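The values are calculated or read from the model by the stated rules, or taken from the named source; none is laboratory data. In this text, all values refer to a predicted model and were calculated from it rather than measured experimentally. A quick note on method: Cβ atoms are made from the backbone with ideal geometry, for glycine too, and the neighbour counts reach across all protein chains shown. The area values use the complete protein model at the heavy-atom level, side chains included, leaving out ligands, DNA and RNA. Shrake-Rupley method; radii C 1.70, N 1.55, O 1.52, S 1.80 Å.
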Amino acid sequence: MRNRLPSLLTAARFPLALGLLAAEVSTRFLALYLLCCLTDVLDGLAARRLNACSAFGAQLDSAADLAVTAVLVWRLWPLAAPDPWLTLWICAAAAVRLAAALAARLRFGRFGFLHTWGNKCTGVLLALYPFALVLTGSRWTLVIVLIAASLSSLEELVIECRAEQWAPDRRGLWEKR
């Protein structure tokens, strides 16, 4: 049972994502989203602590992240109401991120993302963004997230194009592997 805890925490994000889909964008929405964030942090910690890391767990985590992200985009897009240039920037950053994942697939037979410091910082900013948007209504927080996302996406693409082997835990461009 202890070895299943990380996967159970990860799987909890699917019903939480459904809850986000149904909830009004308010305090309840942010509380559900906070639970998504907590389970995302705790599943990885539990997996490492219990020595229960697995390929299945990593794939489940990615699927849960995608589910929550899709719901957030769907629900928060009308509130964020980004200008066309911001929308273009979002699409460009996403395209570069996808290009990095495709490069990994073509070069190493794995479709995945790296755990660089840039990606982690972007992840933290992305995690905080819904709170900033709902509580302040400011679009400028999106610009900060997009700067980080663009830089980390470009770094990941360069790493995937130059790497000699698949190394998902690479910290950044400066680290040789």
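Annotations
- Flag for G57 being surrounded by 14 or more Cβ atoms within 10 Å (Cβ to Cβ), within 19 Å of L38 (Cα to Cα) and out of contact with any helix residue (DSSP H, G or I) (no Cβ under 6 Å at 6 or more places or on another chain): no
- Of the criteria (1) modelled with pLDDT of 95 or more; (2) crowded, with 18+ Cβ neighbours inside 10 Å; (3) more than 16 Å from T122 (Cβ to Cβ), which one W89 fails: (3)
- Every residue from region 152-170 that is of a type outside the set (G, A, S) and surrounded by 15 or more Cβ atoms within 10 Å (Cβ to Cβ): L154, E155, E156, L157, I159, E160, W166, R170
- Scope region 122-166; condition farther than 21 Å from A99 by Cβ, in a helix (DSSP H, G or I) and of a type outside the set (A, V, I, L, M, F, W, C); matching residues: Y129, P130, T136, T141
- When the residues of region 12-54 are filtered to those that are open to solvent by less than 30 Å² (accessible area, probe 1.4 Å) and either free of Cβ contacts under 8 Å to residues at least 12 places away in the same chain or among the small types (G, A, S) (or both), the one that is farthest from R2 (Cα to Cα) is A23.
- In this structure, D61 does satisfy being touching a residue at least 40 places away in the same chain (Cβ under 8 Å), at negative phi and among the charged types (D, E, K, R).
- Considering residues of region 112-124 that are open to solvent by 40 Å² or more (accessible area, probe 1.4 Å) and in contact (Cβ under 8 Å) with a residue 24 or more places away in the chain only, the residue nearest to A148 (Cα to Cα): C121
- Qualifying position, being part of a helix (DSSP H, G or I) and in contact with a helix residue (DSSP H, G or I) (Cβ under 6 Å, 6 or more places away or on another chain), among A95, A47: A47
- Given (1) closer than 21 Å to L16 by Cβ; (2) modelled with pLDDT under 90; (3) not aliphatic (A, V, I, L, M), number of the condition F131 does not satisfy: (2)
- Residue pairs whose Cβ atoms lie under 8 Å apart, separated by 6 or more positions or on different chains, with the first residue in region 93-111 and open to solvent by less than 40 Å² (accessible area, probe 1.4 Å) and the second of a type in the set (V, I, T) and part of a helix (DSSP H, G or I), are A100/I159.
- In region 127-140, the residue that is most open to solvent (accessible area, probe 1.4 Å) out of those that are more than 17 Å from the chain's Cα centre (by Cα) and of a type in the set (S, T, Y) is T136.
- Residue in region 64-80 that is open to solvent by less than 40 Å² (accessible area, probe 1.4 Å), at pLDDT below 90, within 18 Å of the chain's Cα centre (by Cα) and under 30 Å from R162 (Cα atoms) present: no
- Counted residues, region 153-176 - those being in contact (Cβ under 8 Å) with a residue 40 or more places away in the chain and either closer than 19 Å to A58 by Cβ or not aliphatic (A, V, I, L, M) (or both): 14
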